[in-house]
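The values are calculated or read from the model by the stated rules, or taken from the named source; none is laboratory data. It should be emphasised that the depicted structure is a prediction, and the values quoted were computed from it without experimental measurement. Here the Cβ is made from the backbone with ideal geometry for all residues, glycine too, and neighbour counts use every protein chain on show. Note: accessible area is taken over every heavy atom of the protein model, side chains too, but ligands, DNA and RNA are not part of it. Shrake-Rupley method; radii C 1.70, N 1.55, O 1.52, S 1.80 Å.
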Amino acid sequence: MLEQAALALRHALDPLEFGAPVTHVYNPLHYAWAMHQAYIRRYGSSPKRVVFLGMNPGPFGMMQTGVPFGEVAAVRDWMGLNEPIVPPAHEHPKRRIEGLSCTRSEVSGRRLWGWAAEQFGTAEHFFEQAFVLNFCPLVFLEASGRNYTPDKLPAAQARPMEQACIQHLRDCLEALQPRFAVGVGGFAAQRLQQALGAQSLVRIVQILHPSPASPAANRGWQAAIQSTLVEHGVFDS
């Protein structure tokens, strides 16, 4: 189900166009499809207690690996995924796709998967209960190479992208049947509310985003989000 949903999302996003200041748009559901497919096949094939949702790929995470919050070491060493990644034809000169050869660490991913490893030990144990998605798979880059996040897109450009991503999110939630949906940051929590609606029995919880741009996240992110998750009953301790 997740595989079909991802392919449908890829198809829906392909014709969309985005204007300045965006100069390059990467879709890892194309060039990193083998890795994304391996991720959802190995770890997303059964219902979960909780689904975590991020915004969109970071430049050294899912942009490189095709896995949400896909910090290279976590994907390769902890999850045990090692699939070929073929760079897109039109790369930004300052943002090359290096796949698992990327030596830069995605801080948000390192924090998220580091927390998962600390709390659950193995990837298999974590994914028995949980799964991690991104709302939007696209990477938006400015001419400088700076990441341009989806929340900044003009409404006319954002609307069709968001419609496709909401449908994908609903399809994934239907397949995974979680009791809890955790928004990693405010943007993701809002999209979960939009996808699930007021009548849903799924409980939405928002946690602090692990971005190093957040001063709060730089002051003990793992402890902060573990406290939030326990408080809301997502996990016992």
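Laid out as a table, the results:
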{"item": "Residue that is in contact with a strand residue (DSSP E or B) (Cβ under 8 Å, 6 or more places away or on another chain) and surrounded by fewer than 21 Cβ atoms within 10 Å (Cβ to Cβ), where the choices are V139, V202", "result": "V202"}
{"item": "Extreme residue, nearest to V51 (Cα to Cα), among residues of segment 212-235 that are of a type in the set (A, V, I, L, M) and either in contact with a strand residue (DSSP E or B) (Cβ under 7 Å, 6 or more places away or on another chain) or not in a loop (DSSP other than H, G, I, E, B) (or both)", "result": "V234"}
{"item": "Failed criterion for F127 (all others in (1) hydrophobic (A, V, I, L, M, F, W, C); (2) under 14 Å from the mean Cα position of the chain (by Cα); (3) farther than 23 Å from A164 by Cβ; (4) open to solvent by less than 20 Å² (accessible area, probe 1.4 Å) hold)", "result": "(2)"}
{"item": "Filter result (out of contact with any Gly (no Cβ under 8 Å at 6 or more places or on another chain), touching a residue at least 24 places away in the same chain (Cβ under 8 Å) and not aromatic (F, W, Y)) within segment 18-35", "result": "G19, P21, V22, T23, H24, V25, N27, H30"}
{"item": "Options H168, H209; residue that is within 20 Å of P57 (Cβ to Cβ), open to solvent by 50 Å² or more (accessible area, probe 1.4 Å) and either in a strand (DSSP E or B) or touching a Phe, Trp or Tyr at 6+ places or on another chain (Cβ under 9 Å) (or both)", "result": "H209"}
{"item": "Unmet criterion (only one of (1) in a loop (DSSP other than H, G, I, E, B); (2) out of contact with any strand residue (DSSP E or B) (no Cβ under 9 Å at 6 or more places or on another chain)) for L100", "result": "(1)"}
{"item": "Residue satisfying condition, being surrounded by 20 or more Cβ atoms within 10 Å (Cβ to Cβ) and of a type in the set (D, E, K, R), within set R191, R146", "result": "R191"}
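Conditions tested, residue by residue: (1) aliphatic (A, V, I, L, M); (2) touching a residue at least 40 places away in the same chain (Cβ under 8 Å); (3) open to solvent by less than 30 Å² (accessible area, probe 1.4 Å).
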residue	(1), (2), (3)
Q37	no, yes, no
M62	yes, yes, yes
A73	yes, no, no
L81	yes, yes, yes
V86	yes, yes, no
G99	no, yes, yes
F120	no, no, yes
